[in-house]
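Q: I'd like to ask some things about the structure below.
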Amino acid sequence: MIVQKSLPYSRIKSQLKKSDEIGVISCNACARLCNAGGEAKMNELADKLEKDGFKIVDRDLIGTPCDYSLLNKAQLHGKVQVVLACEAGVYNLKKLFPKHKIIGVNKSIGLGVHDKGKNIRVVKKFK
């Protein structure tokens, strides 16, 4: 799995305009296991942005956005997408939807393992 962490909320907010129509997309695999994505984190971020006056027009939970075939059928609403996924998922979204502003809000730390106790351990850190 790709171990990742969320960027600070202030940094996410600074990349958006109140006039943007925003979709929030989340990985439901690695990002969810790292507590940096999944349905709960996607809704938490979308709700927080709405509370701060941003216009959220869509929420989309995708199994693994790093799998291009899962994105091929997706229709994105809004011209700005806030993505809770690793850089591979963000890359695929940028390739498939070049007219959208795609903002990755997770930082990939390295390769990791998830044990039976639901602990995550980085086994190879990215440079």
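The values are calculated or read from the model by the stated rules, or taken from the named source; none is laboratory data. Bear in mind that the values here come from a model prediction, so they are computed numbers and not experimental data. Using ideal geometry, Cβ is built from the backbone for each residue, glycine included, and neighbour counts are taken over all protein chains shown.
Q: With Ser10, Ser26, Ser6 as the choices, which residue is more than 24 Å from Gly110 (Cβ to Cβ), among the hydroxyl-bearing types (Ser, Thr, Tyr) and either surrounded by fewer than 20 Cβ atoms within 10 Å (Cβ to Cβ) or touching a residue at least 12 places away in the same chain (Cβ under 8 Å) (or both)?
A: Ser10
Q: In segment 91-111, which residue that is surrounded by fewer than 21 Cβ atoms within 10 Å (Cβ to Cβ), closer than 25 Å to Pro8 by Cβ and touching a Lys or Arg at 6+ places or on another chain (Cβ under 8 Å) is modelled with the lowest pLDDT?
A: Looking at residues that are surrounded by fewer than 21 Cβ atoms within 10 Å (Cβ to Cβ), closer than 25 Å to Pro8 by Cβ and touching a Lys or Arg at 6+ places or on another chain (Cβ under 8 Å), I get His100.
Q: Quick one: which residue in Ile12, Ile2 is of a type in the set (Val, Ile, Thr), at pLDDT 95 or above and out of contact with any Ser or Thr (no Cβ under 7 Å at 6 or more places or on another chain)?
A: Among Ile12, Ile2, only Ile12 is of a type in the set (Val, Ile, Thr), at pLDDT 95 or above and out of contact with any Ser or Thr (no Cβ under 7 Å at 6 or more places or on another chain).
Q: May I pose another question? Given the residues Gln15, Gln81, Gln75, which is the only one that is closer than 17 Å to Lys99 by Cβ, in contact (Cβ under 8 Å) with a residue 24 or more places away in the chain and polar (S, T, N, Q)?
A: One residue alone meets the criteria, Gln81.
Q: Go through (1) surrounded by fewer than 20 Cβ atoms within 10 Å (Cβ to Cβ); (2) within 13 Å of Tyr9 (Cα to Cα) for Asp67 and report which single condition fails.
A: Every condition holds for Asp67 apart from (2).
Q: Give me the residue from segment 45-61 that is surrounded by 15 or more Cβ atoms within 10 Å (Cβ to Cβ) and either touching a Ser or Thr at 6+ places or on another chain (Cβ under 7 Å) or not aliphatic (A, V, I, L, M) (or both) and, out of that set, nearest to Leu111 (Cα to Cα).
A: Leu61
Q: Kindly indicate which of Asn106, Asn35, Asn43 is in contact with a Cys (Cβ under 7 Å, 6 or more places away or on another chain), of a type outside the set (D, E, K, R) and either without any contact (Cβ under 8 Å) to a residue 40 or more places away in the chain or under 22 Å from Lys124 (Cβ atoms) (or both).
A: After applying the criteria, what remains is Asn106.
Q: Surrounded by 21 or more Cβ atoms within 10 Å (Cβ to Cβ) and assigned to a helix (DSSP H, G or I): which single residue out of Ala88, Ala31 fits that description?
A: Ala31
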